[in-house]
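The values are calculated or read from the model by the stated rules, or taken from the named source; none is laboratory data. Nothing here was measured: the structure is a model prediction, and the numbers come from that model. Quick reminder, even Gly has a Cβ in these numbers, built from the backbone with ideal geometry, and neighbours come from all protein chains shown.
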Amino acid sequence: MGNVVVFDHPLIKHKLTFIRDKNTGSKEFRELVTEVSMLMGYEVTRDLPLEEIEIETPLTKMKSQVISGKKVGLIPILRAGLGMVDGMLNLLPAARVGHIGLYRDPETLKPVEYYCKLPQDIEERELIVLDPMLATGGSAVAAIDFLKKRGATSIKLVCLIAAPEGVKAVTDSHPDVDIYVAALDEKLNDHAYIVPGLGDAGDRLFGTK
Ligand code: PRP
Ligand code: URA
C-alpha cells in the first residue's frame with residue numbers, strides 16, 4: 001500500500017487554519033495555499049537523488065552535493081490544483097508543468113475530463129500530482145490512471161485536505177502512489193464535500209460562484 005504522510009508541522013497547521021476560515025478572501029487564500037504548498041514541497045522532495053560535484057569555495061576546492069539529473073513534472077488537476085503550482089515551482093524551478101483538466105459532475109460525482117497537456121517525457125519524470133482536495137478520490141484516481149496510461153512510472157499525490165474515503169480510493173487503485181496531505185479530515189457530506197474542509201477550493205481560489 002502507498003504511504004500516507006499527514007503533516008504535523010506547526011507552520012502548516014497555522015496556515016491551514018486561515019485557509020479553512022470562510023472569512024479569508026481569495027487574495028489571502030491564494031497566498032496561503034502557495035505558502036503551504038511550498039512547505040509541503042520540502043518534505044515531498046526529501047527522496048530526490050543527490051550527486052557530488054566539485055566546487056571551489058573562497059578557501060579551497062571541495063566536493064558538495066546537488067540534486068542529480070532526476071527530472072520532475074508537476075501535474076496540477078485543473079482548476080484548483082493550479083493554486084499549488086507556484087509554491088512547488090519556487091522549490092523546483094526546473095520542473096515541467098503538465099495540466100489535466102477534470103471537473104466533478106455534481107450529479108454523478110464522477111470526474112469528467114476536458115483538457116490534457118503533458119510534458120512529452122513523462123515516463124522519465126518523477127511526477128507530483130497537485131490538487132488541494134481529495135474527497136471521493138474520483139478525480140485523483142482518474143488523473144493517475146490517465147498518467148499511467150501515458151507511461152508514467154513514478155507518481156506522488158499532494159493534497160491540502162483529504163477525506164478518509166479519498167485516501168482509501170487512491171490507495172486501493174494505486175498502491176504504489178505515496179500521498180501527502182496537510183490534514184486528514186473527518187468525513188464527506190451528502191454532496192461529497194469534505195467536512196470540516198474548506199469549501200469549494202476552485203471557487204475560493206478564483207473568486208467564482
Ligand atoms: C474539486 C477538487 C478536486 C475534486 C475532488 O474540483 O479540486 O479536483 O473536486 O473531488 P473528488 O475527490 O470527489 O473527485 P472540482 O471538480 O470542484 O473542479 P474545479 O477545480 O474546476 O472547481
Ligand atoms: N471539491 C472541493 O473543492 N471541496 C470539497 O470539499 C470537495 C470537492
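Points to keep in mind about this one:
- Verdict on residue 67 being modelled with pLDDT under 95, over 23 Å from residue 19 (Cβ atoms) and over 17 Å from the mean Cα position of the chain (by Cα): yes
- Scan of the range 151-209 for residues that are more than 11 Å from ligand 2 (Cβ to nearest atom), under 18 Å from the mean Cα position of the chain (by Cα) and part of a loop (DSSP other than H, G, I, E, B), ordered by number: 152, 153, 174, 175, 176, 177
- Screening the candidates 62, 40 for the property of being at pLDDT 95 or above, more than 15 Å from ligand 1 (Cβ to nearest atom) and crowded, with 17+ Cβ neighbours inside 10 Å yields one hit, 40.
- For the residues 72, 141, 85, the requirement of being more than 19 Å from residue 38 (Cβ to Cβ) and β-branched (Val, Ile, Thr) singles out 141.
- Residues in the range 100-132 that are within 13 Å of ligand 1 (Cβ to nearest atom), in a strand (DSSP E or B), crowded, with 22+ Cβ neighbours inside 10 Å and modelled with pLDDT of 95 or more: 100, 129, 130.
- Cross-chain or 6+ apart pairs with Cβ under 6 Å, the range 112-137 first and under 12 Å from residue 101 (Cβ atoms), then more than 14 Å from ligand 2 (Cβ to nearest atom) and not small (Gly, Ala, Ser): 116/100; 117/99
Yes/no per residue for (1) closer than 21 Å to residue 119 by Cα; (2) more than 8 Å from ligand 1 (Cβ to nearest atom); (3) among the hydroxyl-bearing types (Ser, Thr, Tyr):
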site: 134; (1), (2), (3): no, no, no
site: 150; (1), (2), (3): yes, yes, no
site: 160; (1), (2), (3): no, yes, no
site: 166; (1), (2), (3): no, no, no
site: 170; (1), (2), (3): no, yes, no
site: 182; (1), (2), (3): no, yes, no
site: 185; (1), (2), (3): no, yes, no
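- Pair list, Cβ < 7 Å and 6+ apart or interchain, from the range 60-84 residues that are within 13 Å of ligand 2 (Cβ to nearest atom) to residues that are charged (D, E, K, R): 77/131; 80/131; 81/131; 83/30
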